Amino acid sequence: MKLTLKIWRQKNAQDKGGIVDYPIDGIEPDMSFLEMLDVLNEQLINKGEEPVAFDHDCREGICGMCSLFINGEAHGPDRGVTTCQLHMRMFKDGDTIFIEPFRAKAFPVIKDLVVDRSSFDRIQHAGGFISVNTSGNTIDANTIPINKHDADKSFDAAACIGCGACVATCKNSSAMLFVAAKVSQYALLPQGKIEAVDRVLNMVHQMDHEGFGNCTNTGACEVECPKGISLENIARMNREYLSASLQG
Ligand code: SF4
Ligand code: FES
């Protein structure tokens, strides 16, 4: 396949940045999107040029690092996949592909396509944990009965990989789907009840503090989420927040 790549290049956080054109040839349809970028970078290095910086780690849809906005969509045109799971067969020979970083005030660009998503880490630190007895008398989690419906819903919420596609997609740069997944994961389990009030209040407070926008129920986040995190988690988080506020 022969393609024209239009890639956002930005030297550092202070640089204004801009789109640069890169014609590329010899791309196989079965290559992943990141493998295609590897080919481009090899060519740039061989020419003595600066390779394109982009984030990645697992390359199998687990770590949530590969945050690319491709032709105006977070993780590109396929559904239910991360950028590393996107294949070049989703594009046609001769296509022009725009590749940009995830854009949000709370995700500042570090270089080229790499953004700083440590705001998500700080939200997690604010409440995304449970207390367990580590004295040597730890109770095996499987000894606590949990009804299947709640266990399944909690597991679905726990599938969030913290990629940030929901934020990049949202016109308000809202992180509600991410935070709601993290709150729901624990709210549905008995182990999560101990810190439930503090968790939702602290995580929502940190989300606002980081500069994420509010939710206006557009639903674009759910469409672009590679892990199918449901909007029902946002409704659950709002209920948890109201209840915690009344108790607080
Ligand atoms: S909710 Fe979905 S889109 Fe948002 S961070 Fe989690 S996995 Fe990514
Ligand atoms: S590189 Fe880990 S999810 Fe894509």
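Annotations
- Per the listing 39, 81, 20, the residue uniquely assigned to a loop (DSSP other than H, G, I, E, B) and either more than 30 Å from residue 208 (Cα to Cα) or within 16 Å of ligand 2 (Cβ to nearest atom) (or both) is 81.
- Filtered residues of the range 38-62 (kept if crowded, with 16+ Cβ neighbours inside 10 Å, without any contact (Cβ under 8 Å) to a residue 40 or more places away in the chain and closer than 30 Å to residue 158 by Cα): 56, 59
- If the condition is being on the phi > 0 side of the Ramachandran plot and more than 6 Å from ligand 2 (Cβ to nearest atom), then the range 46-64 contributes only 48.
- For the range 161-171, the count of residues that are among the hydroxyl-bearing types (Ser, Thr, Tyr), in contact with a Lys or Arg (Cβ under 9 Å, 6 or more places away or on another chain) and surrounded by 19 or more Cβ atoms within 10 Å (Cβ to Cβ) is zero.
- Filter result for residue 164 (of a type outside the set (A, V, I, L, M, F, W, C) and within 16 Å of ligand 2 (Cβ to nearest atom)): yes
- Candidate set from the range 210-235 (those that are in contact with a Leu (Cβ under 8 Å, 6 or more places away or on another chain) and outside any loop (DSSP other than H, G, I, E, B)); member that is surrounded by the fewest Cβ atoms within 10 Å (Cβ to Cβ): 222
- Test: residue in the range 117-132 that is exposed (fewer than 12 other Cβ atoms within 10 Å of the Cβ), more than 15 Å from the chain's Cα centre (by Cα), free of Cβ contacts under 8 Å to residues at least 24 places away in the same chain and not assigned by TED's automatic domain parsing to the domain that holds residue 58: no
- Residues that are at positive phi, in contact with a Pro (Cβ under 7 Å, 6 or more places away or on another chain) and either assigned by TED's automatic domain parsing to the domain that holds residue 164 or within 15 Å of ligand 2 (Cβ to nearest atom) (or both), drawn from the range 65-78: 75
The values are calculated or read from the model by the stated rules, or taken from the named source; none is laboratory data. Only a predicted model underlies this, so the values are computations on that prediction, with no experimental measurement involved. Backbone-built Cβ (ideal geometry, glycine too); neighbour counts: all protein chains shown.
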